Amino acid sequence: MISFDVPESIRQTVTMIDSVATEMMRPAARYFDDHEHEIPWDYINFMHDVLRAAGGMTMAPSQSGEDGEVRQDYQRLAHYVEVLSWGDAGLYLCTPRGGLGAAAVAAAGTPEQIARFLARFQDDKPVFSAMAITEPQAGSDTAAIKTTAARDGDEWVLNGEKIFVTGGHKSLVDTPGFVVVWATIDPSAGRKGIRSFVVEAGTSGCTVTKIEKKLGIRSSDTASIVLQNCRVPIENMLGKLEEEKKTTEGYKGVMRTFEATRPLVAASALGIARAALEFLKEKLSEHGIEVRYGLPRSRMTNLEREVIDMEVMLRSAWLLTIRAVWMVDERVPINAEASMSKIKAGDAVVRITQKAVELLGPMGYSREHLLEKWFRDGKINDLYEGTGQINRLIVARRILGYSRKELN
């Protein structure tokens, strides 16, 4: 049965993570927002050592049980992510020991691939991974992917361009990591031709060509990657798939990644939202304004109603998120719930940060405080890993029982 109480084991480690967020991330947040392309190595190295010692906070799964089944404690991850994002969302995305690429390997890889690629996250030095899907002409429509993978003996030859790769530079240039690249083995087959390939740092023909300048999460790099006759070993294609067979299993395998990670995106959004709401209430309290809980709404001031509505948005989104990660941990089939949590949290962080800026006026808009930064940082959670519109389509299809062709 699902429980919304935080287990004591998680509570203890969250306390440790909270001290990192308070003492290390918050003081550095403005600096790395201003110095967009400077890598926060002090934070990265510190977190690598801390998390390595704690054995947690990694997208790389652990082995659990006599059957050797690959498992991960996503409830613990959700609490970690929320606290770290409260500290600073951009720096949180610089946390080593995994990434979206590792999550893709865990979701779609064979046991041998999981062991081979994810073992590096236990190394002495920090390692990152990323996933490359988006192309100049293919965003949410993954069937429009044009990056190709052609078999040549014992290798795959990849050609194409990927954009908006979160952590792409850190995965391929700054650390000995890897990027999971989506490509098609048959452009005429649509999603049935989609496969995913692990491209390791240092692979010839894989080049980072650009690092984006962004509205928010500036300490996290977002890269463009060009693949030009990039050769990877045959065994770097994730899963046990016959490359000649037209099947959607390759597409479905990595889509399972998003089912597990979208609730973590939601947790990140809610960490930012909580930071903004706490700051708002702190400043109101300094001016002698306290929210009178328990009164009928008709007797409250408009300001009190605004704050309570923000708290309702935050708490309801958090409950959806906890439900989603519980389902992931319990191996309960999840798709709509993952999207629901991300939709709700994406809406909540945008509305809460915007409303906090509005209510505090010049104080909220000023760079003297971090509120305007949280306003900028929060928007990404409504965009990456499926925009709010795309996730609403996913939920609608599941609820109504419609196919992609029937509802798009």
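The values are calculated or read from the model by the stated rules, or taken from the named source; none is laboratory data. Owing to the predicted nature of the structure, the values given are computational and were not obtained by experimental measurement. Note that we place each Cβ from the backbone using ideal geometry, even for glycine, and neighbour counts take in every protein chain shown. In case anyone asks, the SASA skips ligands and DNA or RNA and just uses the protein heavy atoms, side chains included. Shrake-Rupley method; radii C 1.70, N 1.55, O 1.52, S 1.80 Å.
Can you check how the C-alpha radius of gyration of segment 193-332 compares to 2.2 N^0.38 Å, as a plain ratio? Write out the running numbers ahead of the final one.
On the way: Rg = 23.4 Å, N = 140, 2.2 N^0.38 = 14.4 Å.
So segment 193-332 has a normalised radius of gyration of 1.63.
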Beyond 25 Å, what share of the Cα-Cα pairs of segment 143-263 is found? Please give it as a whole percent. 23 percent
Correct semi-axes for segment 250-408, from √(5λ) of the alpha-carbon gyration tensor and rounded to whole Å with the largest first, are 33, 17, 14
For segment 155-164, 3J(HN,Hα) per residue [Karplus equation, 6.51 cos²θ - 1.76 cosθ + 1.60, θ = phi - 60°, Hz, x = Gly/Pro]: 9, 9, 10, 9, 9, x, 9, 10, 10, 6
Ratio Rg/Rh, restricted to the chain and using Cα atoms, in which Rh is the Kirkwood radius: 0.98
Compare Ser298, Ser171, Ser285 in a GNM of the chain, Cα atoms joined below 10 Å, and give the one with the largest fluctuation. Ser298
GNM result for the chain, Cα springs below 10 Å: residue of Gly288, Gly153, Gly239 fluctuating most strongly: Gly288
Keeping all protein chains in position, work out how much accessible area Asp152 exposes to a 1.4 Å probe, and write it in Å² to the nearest 10. 80 Å²
Leaving out ligands, DNA and RNA, what percent of the accessible area of the chain is carbon and sulfur, probe 1.4 Å? 53 percent
For the chain, accessible area per residue (1.4 Å probe, heavy atoms of protein chains only), Å²: 45 Å²
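At 25 °C and a viscosity of 0.890 mPa s, what translational diffusion coefficient does Stokes-Einstein give for segment 275-360, taking Rh as the Kirkwood radius over Cα pairs? Give it in µm²/s as a whole number.
Working: Rh = 14.4 Å.
D, rounded to a whole number, is 171 µm²/s.
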Using the Kirkwood radius over Cα pairs of segment 181-245, the Stokes-Einstein translational diffusion coefficient at 4 °C and 1.567 mPa s, in µm²/s and rounded to a whole number, is 93 µm²/s
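Ranking request for peptides 94-101, 332-339: highest mean number of other beta-carbon atoms within 10 Å first, then the rest in descending order. Could the numbers behind the result be given before it?
Details: 94-101: 26.4, 332-339: 19.6.
So the peptides 94-101, 332-339, ranked by packing, come out 94-101, 332-339.
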Backbone HN-Hα couplings from phi across segment 260-268 [Karplus 6.51/-1.76/1.60, Hz, Gly and Pro as x]: 8, 9, 4, x, 6, 4, 4, 4, 4
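Hey, got the dipole for segment 288-365? About the Cα centre, +1 on K and R Cβ, -1 on D and E Cβ, debye to the nearest 20? Please report the intermediate quantities before stating the final value.
Details: 11 positive and 10 negative charges, 30 e Å.
I would put it at about 140 debye.
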I need the phi-derived Karplus couplings for segment 107-116: 6.51 cos²θ - 1.76 cosθ + 1.60, θ = phi - 60°, integer Hz, Gly and Pro marked x. 7, 10, x, 6, x, 5, 5, 4, 5, 6
Please list the non-local residues whose amide H lies under 5 Å from the amide H of Glu135, H modeled 1.01 Å from N, same-chain partners needing a gap of 5 or more. Ile163
Pairwise Cα inverse-distance average, inverted: Kirkwood Rh of segment 1-52 (Å): 13.0 Å
Distance between the C-alpha centers of segment 148-168 and segment 246-295? Whole Å please. 33 Å
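For segment 318-408, what is one quarter of the convex hull surface built on the Cα atoms, given in nm²? Provide the component values of the computation, followed by the final result.
Details: hull surface 28.4 nm².
Taking the Cα atoms of segment 318-408, their convex hull projects to 7.1 nm² on average.
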